[in-house]
Structure formats: C-alpha cells, structure tokens
Amino acid sequence: MAILMSSSPLLTCFQLLMALWSKHLNLTKHAKISPVCRKRTDGLTSIEKLSERAGMRHDVAVVDLTNTSIVAEKLVESFIRCGEEEKEAYLYYILSVHRKGRSIVFCTSIAALRRVSSLLGLLDVNAWTLHAQMQQRARLKAMDRFRGSEHGVLIATDVAARGLDIPGIRTVVHYQLPHSAEVYIHRSGRTARASSDGCSIALISPTDQAKFSSLCKSLSKESFQEFRVDTSYMPHILKRLSLARQIDKIQRTISQENVKKSWFERNAVDVELAVDDMDSEEERVMKCKQNKISSLHLKNLQQRLIALLSEPFQRREFSHRFLAANGVSPLVQKQLEQFSKAKLTGKMGSAERKMRGLVVIGQDCVEPLQALRDSGHEVRNSYALFY
C-alpha cells in the first residue's frame, strides 16, 4: 500500500490514520465473520456495531438531569384570547382590577410601547418605559422609580428580558408575543425568581395564533391556562379607554403639528423666507378658531376622564343602594385612613363626623396569580368596615 506523505507532520499523521482505518474497513469487509459474531451484530446501527467491537459495556446507567419544564417551576403561564384592537382594554383590566405587586409589560416594537405608555399615563397608571433608544441615564432613572413603587408598572421591549433582577415582580404581561421561544423564556423569567412565585399572561390575537402554537410546541405544551376575565368590569373600562384614546389622538396631532411648524421655522431662516408671509389673514383666523375648538374639546374630554377615574370600578350589576361595590377606590381608601387616624387621636372635624355611620362593603384586590389559582369557582372574599 503506497502512501503519499505530506510535508506537514500533522497532515502526515492524519493521512496515515485514515489509510490504516480504510485498510481496516477493507479487511473487515472481505474477512469471514463467524456466525456467532454475525448473529450478535445483526440489526445494530453503525454506532452500536462500533461499541460492540470496542468492547463497551451494555449495562450502563443513564442519568438525565434535564428539567421537564424549561421555565421556572413556580411560574404559572396563562393567556387571554382577544382581538388586536382589544389588547389595550384587557391590559388595562389586568393592571387595574388585579393591580397588586410590580408588573412588567413587554412589547416587541417601540411604537407599540409608546402608545401603551401614553394611554396608561392618561388612565392614571404609574408606568415607566425602558427601550433601546433611551439614554443610559434615563434607563437608570426609570429603573430606580420602578423599584421604588410597590405596585409600579414597567413597559419595556426585550432590552429588559435579560439581566433584570428586581424583587417583587408578580406579573409579566406579553402585550406582543416575542419572535422566539428563547425570548419568551427570558421575559417570563423576570418573575417567579428564586423561591418566589409569579405568573405570565400572554395576550393572543388571531394574528398571533400561529406564533402561539409554535411557542407551545417549543415548550412541549399543548396550551396554557386561560386567564379568567370578569367581563362585568369591561363596560366601565371601555368607557375610560375610549376617552383616553380620543385625548391621545388629539395630543398626538397637536404634537405633530408643533414639530412640523418648528422644523419649518428653523429651515425658513436658511432660505431667508418670511414665515408670516406664507399664510393669508383668513387662513390665520381659521387656524386660530380651529385651535380654540380643539382646545375646548380636549379640555372637556380630560374633565370627563378625570371624573371617571375618581370613581371606583363598578360591575355591570352594581347597585347604587350601597356606598361601594367590589373594590375601594384609592380616594375612598385615603378618606377612610384619614378618618381612622382622626378617630384614634380624638381630633375629628366636620368632614370626619359626617362619616361616623359609614359602612363600606367590598372585595379584596386579587393579584393575577391568585385569580388563576381561584379560577373555576366564584371568589367571595368580602370585608366590612364599621365606624
């Protein structure tokens, strides 16, 4: 057998090894195999045959330490099936009716993040944003404020999906599904860390169904637990959200016009163009009237929204014969605390004396995780305060 040797020692060794291996295979192919050996190796794969020839043992113990679940053990995964235009309403439902503990809302695009942030701000939800276009100083400031808020909300892109370890995060909401299962795992991993528990809620629209099915397949699950929504709250939520959308639309239009006007004024100086000469007197008067009408309409919408936000959430079957139904608004809670403090100190004014016979009947605020655990049966956790 002739072997062409190379000048490289490593290549020469490799060529020699391959030549000997090829010669061994040829000898094995033409050699006569005993019936006992042939019977023993029939039906085996190439790896199994190689293991048989190497004399490897068959009575081996396989220790598999791989977890059956990729996500955290105490994480409860759920979803809400809704339309694309209904995601804002269900998100507001989660952050208002089940508002307890810190929450993170993940968006895929920055445009969706800014819209959600603007609406939640109008709806009096303490929310901060975190995305890639923010400067480092602004990111740190938002994170510090989020840590300092017991029931704060962080609206973030996938920038916050990794390396974010903040205690007290109870809920993760996937406003938009991620593009891969890996990102979903990192997102959901912001809650249920260490020995604590938590839940994740994915808002699934018809356009997200294919992505959701692929996600379940990657996680070796048929589906997630469906998050039970109390639809009796939705009329009140949709009424607030409708006003917030109108206000947001007007404010965006005004902001875009101001940006356009500012850009035109800056560039008009370079071409020595007089800005006042561009519009006639009639056009300026017409614009002034339109701005006044738009300003009055915006002010009216804002006043109506403020009035709604000052009221507690009411179910559809709410009876006005009682002072309060399920849940107590922050305003009522603050008044009760002031009344209790004044009663203990003995310094009661006219406002506190009017509340002497007050009876408040309501329901404790239930966080999303507890709502998932209690789903399937009616929760009756009422309380009464007598003064």
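The values are calculated or read from the model by the stated rules, or taken from the named source; none is laboratory data. Everything quoted here is computed from the prediction, not taken from an experiment. Every residue, glycine as well, gets a Cβ built from its backbone with ideal geometry; the counts of neighbours run over all protein chains shown.
Brief remarks on what is shown
- Residue match in the stretch 129-137 (condition: surrounded by fewer than 16 Cβ atoms within 10 Å (Cβ to Cβ) and part of a helix (DSSP H, G or I)): yes
- Taking first residues from the stretch 221-237 that are assigned to a loop (DSSP other than H, G, I, E, B) and partners that are surrounded by 19 or more Cβ atoms within 10 Å (Cβ to Cβ) and aliphatic (A, V, I, L, M), the Cβ contacts under 6 Å between residues at least 6 apart in sequence or on separate chains come to 227/80; 227/201.
- Residue that is modelled with the highest pLDDT [pool: residues in the stretch 226-283 that are of a type in the set (Val, Ile, Thr) and over 30 Å from residue 301 (Cα atoms)]: 269
- Among residues of the stretch 90-111, those that are surrounded by fewer than 18 Cβ atoms within 10 Å (Cβ to Cβ) and either over 11 Å from residue 153 (Cα atoms) or not assigned by TED's automatic domain parsing to the domain that holds residue 192 (or both), counted: 4
- Some residue of the stretch 258-274 being in contact (Cβ under 8 Å) with a residue 40 or more places away in the chain and over 28 Å from residue 120 (Cβ atoms): no
- Matching residues, the stretch 173-207, being crowded, with 24+ Cβ neighbours inside 10 Å, within 15 Å of residue 227 (Cβ to Cβ) and among the aromatic types (Phe, Trp, Tyr): none
- Any hit, the stretch 51-64, residues being closer than 30 Å to residue 223 by Cα, among the acidic types (Asp, Glu), at pLDDT below 70 and exposed (fewer than 10 other Cβ atoms within 10 Å of the Cβ): yes
- Selection from the stretch 102-117 of residues that are over 13 Å from the mean Cα position of the chain (by Cα) and either touching a residue at least 12 places away in the same chain (Cβ under 8 Å) or part of a loop (DSSP other than H, G, I, E, B) (or both): 110, 114, 115
- Only one of 164, 120, 140 that is crowded, with 21+ Cβ neighbours inside 10 Å and either assigned by TED's automatic domain parsing to the domain that holds residue 203 or assigned to a loop (DSSP other than H, G, I, E, B) (or both): 120
Table: residues versus (1) within 28 Å of residue 95 (Cβ to Cβ); (2) over 29 Å from the mean Cα position of the chain (by Cα); (3) loosely packed, with under 11 Cβ neighbours inside 10 Å; (4) not assigned by TED's automatic domain parsing to the domain that holds residue 107.
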| position | (1), (2), (3), (4) |
| --- | --- |
| 211 | yes, no, no, no |
| 224 | yes, no, no, no |
| 261 | no, yes, no, yes |
| 264 | no, yes, no, yes |
| 296 | no, yes, yes, yes |
